[in-house]
């Protein structure tokens, strides 16, 4: 359902260095640039992507209260590794890795250098019955 998520930055070089190192060794890489020099990250075009860029209106980028991006991981070990790598690269801890819902949601939280809130998680949402 989600094609891509965009996060704003006031310092593209710093943000690209952070996300390059965060995604190192995961199969997620720089895919292509936006016309204004932003950067799309992902595993392949056509799959969900994350775009890091300065705001279109050229104003200051700022984080939204209640806004968060969640990145799906395949294992709890991958969640732990992402979280540790993010903190080592200067991210602020917003929640240590832990099971939030037994057998359903294992997640960790951090804020990137621009204060965007990121969750890395392993989910089993497919096991939740859909209620309308």
Helix 12-23 vs. the chain, principal-axis angle (Cα, 0 to 90°, nearest 10) = 30
task = Pop a pseudo-label 7 angstrom from the Cα along the beta-carbon direction at both residue 68 and residue 6 and give the gap in nm to one decimal.
result = 2.3
query = Relative contact order for the chain using alpha-carbon pairs under 8 Å, separation at least 6, rounded to a whole percent?
reply = 23
request  = Would you order 13, 114 from fewest to most other beta-carbon atoms within 10 Å of each residue's own beta-carbon?
outcome  = 13, 114
Of 94, 77, 58, the one that fluctuates the most in a GNM where the chain has Cα springs shorter than 10 Å = 58
Gaussian network model of the chain, Cα within-10 Å springs - most flexible of 59, 42, 95 = 59
key: Mean separation of Cα contacts under 8 Å, 6 or more apart, over the residue count of the stretch 11-51: relative contact order %   = 27
remark   = Among the stretch 112-130, those whose backbone N falls under 17 Å of a label point 7 Å along Cα→Cβ from residue 101 are 119-130
remark   = Rounded to one decimal in nm, the spacing of the 7 Å Cα→Cβ label points at residue 47 and residue 21 is 2.4
inquiry  = Please report the antiparallel percentage of the DSSP beta bridges confined to the stretch 1-76, to the nearest 5.
reply    = 60
task = Working from Cα positions, state the angle (0 to 90°, nearest 10) between the long axis of helix 76-88 and the longest principal axis of the chain.
result = 40
Rotationally averaged projected area of the stretch 47-115 (alpha carbon convex hull; nm²) = 5.9
inquiry  = Connecting C-alpha atoms closer than 10 Å in a GNM of the chain, tell me which of 52, 118, 28 has the biggest fluctuation.
reply    = 28
message = Binning at 10 angstrom from zero up to the longest distance, how are the C-alpha pair distances of the stretch 1-112 distributed in percent?
response = 13, 44, 36, 7, 0
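Since every read-out is calculated from the coordinates, none of them should be taken as a lab result. A quick note: this is a predicted structure, and the numbers were derived from the prediction, not measured. Virtual Cβ from ideal backbone geometry, glycine too; neighbours counted across all protein chains shown.
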